[in-house]
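Peer 1: First the structure, then my questions, so here it is.
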Amino acid sequence: MKYLSLIWSTLFRRKTRTLFTIFSVIAAFLLFGLLDSVRGAFANVGHNVAGASRLITISKQSLVVSLPTSLLMRIQAVPGVSAVTYANWFGGYYQEPKNQLVTEAVPQNYFTLYPEFVLPAAELRSFHDVRTGAIVGQSLAQRFNWKLGDKIPIQATIFPQKGGSNTWMFDIVGIYHVSDPNLKAEENQLYFNWDYFDQATQFGGGTAGWYIERVAQPKQADRVARAIDAISANSDHETKTQSEDAFTAAFVSQFADIGLIVGSIMGAVFFTLILLTGNTMAQAVRERIPELAILKTIGFSNRSVLSLVLAESVLLLAIGGAVGLAIAAVAVSGIRAKLGPQIPMLPVGTQAWLRGVALMIAIGLVVGALPARRGMRLRIVDALSGR
Amino acid sequence: MLMKVLGWLPWILTAAVLLACANGQVRSVAQVGISTLRQRLGAASVVVVGIAGVVGVLVALLAMAQGFQATLQETGSNDTAIVLRSGSQTEINSALDHAATVVIGDEPQVQHDAQGRPIASPELVVVASLPKKGSSTDANVEVRGIGQDAWALRTRVRMVSGRRFTPGLRELIVGARAAKEFEHTELGSKIDLGGQPWTVVGVFDSGDEHDSELWGDADVVASAYRRGDGRNSVTVRLKSPQQLDAFKAALASDPRFKVDASTTLDYYSRQSDLLTRTIRILGTTVAIIMAIGAIFGALNTMYAAVASRTREIATLRAMGFRGGPVVVSVLIETLLLAIAGGVIGAVIAWALFDHYTASTLGANFSQVVFEFRVTPALLAGGLKWALAIGLVGGLFPALRAARMPVTDGLREL
Amino acid sequence: MSPLVEIRSVSKVYVRGKQKLEVLHHVNLDIGKGDFLALMGPSGSGKTTLLNLIGGLDSPTEGTLTVAEKRIDRLGQSELARWRASNVGFVFQFYNLLPMLSAARNVELPLLLTKLTAAKRRSHAAIALELVGLADRASHKPGELSGGQQQRVAIARAIVSDPTLLVCDEPTGDLDRQSAVEVLTLLQRLNRDHGKTIVMVTHDPKAAEYASHTLHLDKGTLVEAAAAAESPS
């Protein structure tokens, strides 16, 4: 600690150069923060504790093919299944086609399988009682300024009502929220009564889009999944059952290999950064050779000189990195506040900071290594005589 | 207008700086600077690599957007129209009953073929889940059930191997890009659709979105998926692009159904909009932030360069050279480094990513396979960014060089 | 009592490529505790090399070197560094202060290697600056001080850790007459009043007059080495 002020003064010996370098580091870590937030959002989808005990059953043909509702009783009877529910994709939009919604028709027990959706008991009861009742996520409600008791018209894009109208009216009877900040994106759904859907839709009634099962013992998930699929083996509606995590991961990976894209950009950014700060450190050490020689003369060991230079470059990275990540954190929360939590960006949290700090230290060491070795190896007698 | 002028600025300023080389004074000062560049290679490479990074990332991301947009837009055209159930944004969400599919073809705006039959293709779209090559997970692939008229509407489609499917049989032809992405798509392989085995009999290439699809006979697909005689969409050839409004009006006035028509160009452009715009915004944002970093790197290098040339510049000034040539010579040096960086970045992006294949989940809930396209316009755009960074990064050090008092510089002797 | 510095048959050979250059040739020298020795000689005579050996900056090729009863000729680099930290203070021709640190911080530098607390370090540094008469310049950076003042800060830095031996290489070489006199008087006072043993290389006979005695080096050998060894003062 006592060396900190020495390192600090050396670092800012050439203020302009150091500041410019720090600005470059800030830019790099700002990008790191933003991109890591995007990557995290995609990597985090479906990863939650409650999800570990849930299975999803879809048609083996594809997700868009529906399953008969008759499966419900038979799945319920599978040993190890403690609860079953199902859902139908509805989609649709509010007011304009650009306001596409995530809406699903669900039976009344749906929310007992999703304890992460926090909903007052009274509101859940009205969902049971009001046929056209709908439960919406808090973020979605905020986005369109919906309140309890509002009647909202939703334009169907797939399922017109009997009689051909595309307009479905819903009564908002409940607003749920999700506590885990990483799962805020799940506050963007609208759920409405499956019975209403079944009775009013022109087609697609009498089917379930997919089933969701809760298993009593997550360890038995594989066995239970196989037992569920065995029910409809060799029928015309064969099923595929997998854990919710696996299901979502496979689904997200169909959009794009986000990891690869983000990884390539970060690679380019940090390669550039290493070269840039490496050059600064090399310059700084080159012009400081006599000073380092003095430190050695006074009695600083080779190792202390090595550590001093390394500490300096790590400090350089740490200052820029911390500022950059802080800006990224502010920017991300700004973007999320403005565009709503449905945009795929996670808040810059502890995890991101840990990764960032690890990167700062690693890059600082890499960048400082060569100059530090040069400082360590210098011969006092040569350096002092200007050789 | 303002943006347009700003867009040209890097070219204009660069041209101006290079033109200044016609001046003898400028040329001789610049030559001295550039001849010492070799000794400052390490520092100079910071400018080059920094700018190469910016240009590389920018060009690669824009090439992705360009490739996706082009793939979808080229699928559509102005003289074909697609009819979907009113309110549906995509084929998979649309449904038309048999009566509607017949009536749509009978509208007077629809072109007729040599035999006098309307060119109208009622088509079925279903999604199948197939294993992707090189991965253990399944991905969605679009299966399109077509009739005879589909061939007349998609004139770009060529068979690259095998033959077309035989109507009435469970045979499939596979788009060239789908064939690259999915397992079991070789000629003669069996694919399970709707619980029944289908045989792959051909591979077709259209260079557009259809390349990501599997095609089979509409009636056979419908029976496999128990879809009856209803269809998802009808695509027609219009007598001329101007007929669209009349066609829409004719459909709207028919009380038997509620449908919407748009040109296929419109339809497919709409599908590319969101992703294309997202990638462009992402690419530009990333490039701007990287450019800021690169500018500071360039400033550092060029300030150091000016500092190391203090004596030389002061001597030149003492001999009677004016400040202008000194400014220009520093700018030229930076621009040369910037151009080198821009070219390297562009070449790397081109070599790595031109025709790089990627896929995403398209509007029909299935994989759209597309290739990155590194176009000359994108390369020129990248170079423009390089020049802009070079100009900004070189200007301030250049001004310092020019303002340096002669006596201070000479004292360092 | 044995002398503070015992140099026995020390040679130093530099190898530059294929060329071998013998800078010191079997030098014998004793320096008693409390001496103020001036080393003179033409350039290239090996006086700075000898000084560097005494100060532990370099190791001899041959011979033995004992300082305060410790053999230092065979010490490794890090042992030498540790030894220097507690035993030697250095003063150079060009002061060699760290430009970004204030005078007080420069003086404090060697104390960073000790276990002293921050407060102790500051008070030691203040005392050392006081001793060289620069207490009022403590917060100035080297660039804001005259050459003579900078050299006095350097001397304060050299004595702050209370070393046994003070090693000075042309301490007045870059100073005007007036400042040189100040610096030399200061060294003399440190020698007389505080008992510091000082070895000073100089080419200036006037500077050498401040020392208690003077030795001459020529082509790597001590010209009056025999006399010095026989009759220690």
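Peer 1: At 0.36 nm per residue, minus the direct Cα-Cα distance, what do A:Ser333 and A:Lys147 gain on full extension? Give it in nm, one decimal, please.
Peer 2: 64.5 nm
Peer 1: Roughly how big is the protein assembly as shown's charge dipole about its Cα centre, with Cβ charges of +1 (Lys, Arg) and -1 (Asp, Glu), in debye to the nearest 20?
Peer 2: Result for the protein assembly as shown is approximately 3020 debye, rounded to the nearest 20.
Peer 1: Which shape class applies to the range A:61-237: rounded if a/c is under 1.5, otherwise prolate when a/b exceeds b/c and oblate if not, where a ≥ b ≥ c are the square roots of the Cα gyration tensor eigenvalues?
Peer 2: It comes out oblate by the Cα gyration axes.
Peer 1: With unit charges on the beta carbon (Lys/Arg positive, Asp/Glu negative), name the residue among A:Ala369, B:Pro118, B:Gln271 whose Cα is farthest towards the positive pole of the charge dipole of the protein assembly as shown.
Peer 2: A:Ala369
Peer 1: Would you mind working out the magnitude of the charge dipole of the range A:61-237 relative to its Cα centre, with +1 at each Lys and Arg C-beta and -1 at each Asp and Glu C-beta, to the nearest 20 Debye?
Peer 2: Its charge dipole is roughly 60 debye.
Peer 1: Name the residue from A:Ala233, A:Pro115, B:Gly382 whose Cα lies farthest towards the positive end of the charge dipole of the protein assembly as shown, charges +1 on Cβ of Lys and Arg and -1 on Cβ of Asp and Glu.
Peer 2: B:Gly382
Peer 1: A further question follows. For chain A, with a Gaussian network of springs between Cα atoms less than 10 Å apart, report the residue from A:Ala233, A:Ala318, A:Ala105 with the top mean-square fluctuation.
Peer 2: Taking springs between Cα atoms under 10 Å, the residue moving most is A:Ala233.
Peer 1: Could you tell me what fraction of 2.2 N^0.38 Å the Cα radius of gyration of chain C comes to, as a two-decimal ratio?
Peer 2: This ratio for chain C stands at 1.00.
Peer 1: Full-extension gain between A:Phe12 and A:Ala246, please, as 0.36 nm times their residue separation minus the C-alpha to C-alpha distance.
Peer 2: This chain segment gains 79.2 nm when fully extended.
Peer 1: Summarise the partner chain shielding of A:296-309 as one whole number: the mean count of Cβ atoms from other chains within 10 Å of each residue's Cβ.
Peer 2: 6
Peer 1: Quick check: net charge around C:Val160, other residues with Cβ under 10 Å of its Cβ, Lys/Arg +1 and Asp/Glu -1?
Peer 2: 0
Peer 1: Suppose each label sits 7 Å from its Cα in the direction of the beta carbon; what would the B:Ala99-B:Arg270 distance come out to in nanometres?
Peer 2: Simple spin-label model gives 2.5 nm for this pair.
Peer 1: To continue, here is another question. Which one of B:Ala261, B:Ala291, B:Met159 is farthest out on the positive end of the charge dipole of the protein assembly as shown, using unit charges on Cβ (Lys, Arg +1; Asp, Glu -1) and the Cα centre as origin?
Peer 2: It is B:Ala291, whose Cα lies furthest towards the positive end.
Peer 1: Would you mind getting me the FRET efficiency between B:Thr199 and A:Ser70? Use the beta-carbon distance for r and R0 = 30 Å, nearest 0.05.
Peer 2: According to the calculation, E is roughly 0.40.
Peer 1: So what are the ³J(HN,Hα) numbers for the range A:278-285, from phi and the Karplus equation (6.51, -1.76, 1.60; θ = phi - 60°), rounded to whole Hz, Gly and Pro as x?
Peer 2: Values, residue by residue: x, 4, 4, 5, 4, 4, 4, 5 Hz.
Peer 1: To the nearest 0.05, what FRET efficiency results for A:Phe255 and A:Glu287 with a Förster distance of 41 Å applied to their C-beta separation?
Peer 2: The calculated FRET efficiency here is 0.20.
Peer 1: Can you compute the modelled spin-label distance between B:Gln39 and C:Ala68, with each label point 7 Å from Cα toward Cβ, in nm?
Peer 2: 4.6
Peer 1: Filter the cross-link list A:Lys60/B:Lys132; C:Lys70/C:Lys219; A:Lys2/A:Lys296; C:Lys120/C:Lys196; A:Lys98/B:Lys248 down to pairs whose alpha-carbon distance in this structure exceeds 19 Å.
Peer 2: Violating the 19 Å Cα-Cα cut-off are C:Lys70/C:Lys219; C:Lys120/C:Lys196; A:Lys98/B:Lys248.
Peer 1: Taking the Cα centre of each part, how many Å lie between the range C:60-123 and the range B:67-135?
Peer 2: When both Cα centres are located, 86 Å separates them.
Peer 1: Ok, one more. Kindly put B:Leu62, B:Leu9 in sequence by how many other C-beta atoms sit within 10 Å of each C-beta, fewest to most.
Peer 2: With the fewest neighbours first, B:Leu62, B:Leu9 line up as B:Leu9, B:Leu62.
Peer 1: Quick one: what are the phi-derived ³J(HN,Hα) couplings along the range A:253-268, Karplus 6.51/-1.76/1.60 with θ = phi - 60°, whole Hz, x for glycine and proline?
Peer 2: 5, 6, 5, 5, 7, 4, x, 5, 4, 4, x, 5, 4, 4, x, 4
Peer 1: How many angstrom lie between the Cα centre of the range B:272-346 and the Cα centre of the range C:150-172?
Peer 2: One Cα centre to the other: 47 Å.
Peer 1: For chain A, give the magnitude of the charge dipole about the Cα centre (Cβ charges: +1 Lys/Arg, -1 Asp/Glu; no others), in debye to the nearest 20.
Peer 2: For chain A, the charge dipole is close to 2280 debye.
Peer 1: Something else about it: How crowded by other chains is B:274-286, given as the mean number of beta carbons from other chains within 10 Å of each beta carbon?
Peer 2: Mean partner-chain Cβ count within 10 Å for B:274-286: 2.
Peer 1: Taking 24 Å as the cut-off for C-alpha to C-alpha distance, list the pairs among C:Lys115/C:Lys141; A:Lys184/A:Lys338; C:Lys12/C:Lys206; A:Lys147/A:Lys338 that go past it.
Peer 2: Flagged as over cut-off: C:Lys115/C:Lys141; C:Lys12/C:Lys206.
Peer 1: Sticking with this structure for a sec: Roughly speaking, what is the centre-to-centre gap between the range C:31-50 and the range A:264-324 when only Cα atoms are used, to the nearest Å?
Peer 2: Distance between centres, Cα-based: 38 Å.
Peer 1: Using a Förster radius of 41 Å, what is the FRET efficiency between C:Asp162 and C:Asp204 based on their Cβ-Cβ separation? Nearest 0.05, please.
Peer 2: 0.90
Peer 1: Right, next: Using a basic spin-label model with each label point 7 Å from the Cα along Cα→Cβ, how many nm lie between B:Lys258 and C:Arg8?
Peer 2: 11.2
Peer 1: Here is a follow-up. Rounded if a/c is under 1.5, else prolate if a/b beats b/c, else oblate: with a ≥ b ≥ c from the C-alpha gyration tensor eigenvalues square-rooted, which is the range B:8-73?
Peer 2: Oblate, since a/c reaches 1.5 and b/c is not below a/b.
Peer 1: Something else: Sort the following peptides by mean Cβ neighbour count (other Cβ atoms within 10 Å, averaged over residues), highest first: B:334-343, C:171-180, B:200-209.
Peer 2: For the peptides B:334-343, C:171-180, B:200-209, the packing ranking is B:334-343, B:200-209, C:171-180.
Peer 1: Using the Karplus equation 6.51 cos²θ - 1.76 cosθ + 1.60 (θ = phi - 60°), what ³J(HN,Hα) coupling, rounded to whole Hz, does each residue of the range A:199-216 give in order, writing x for Gly and Pro?
Peer 2: 7, 8, 6, 6, 8, x, x, x, 10, 10, x, 7, 9, 10, 10, 9, 9, 5
Any read-out appearing in this document is the output of simple, stated calculations on the displayed coordinates, not a laboratory observation. Keep in mind that this is a model prediction, so the values were computed, not measured. Glycine also receives a Cβ, built like all others from the backbone with ideal geometry; neighbour counts cover every protein chain displayed.
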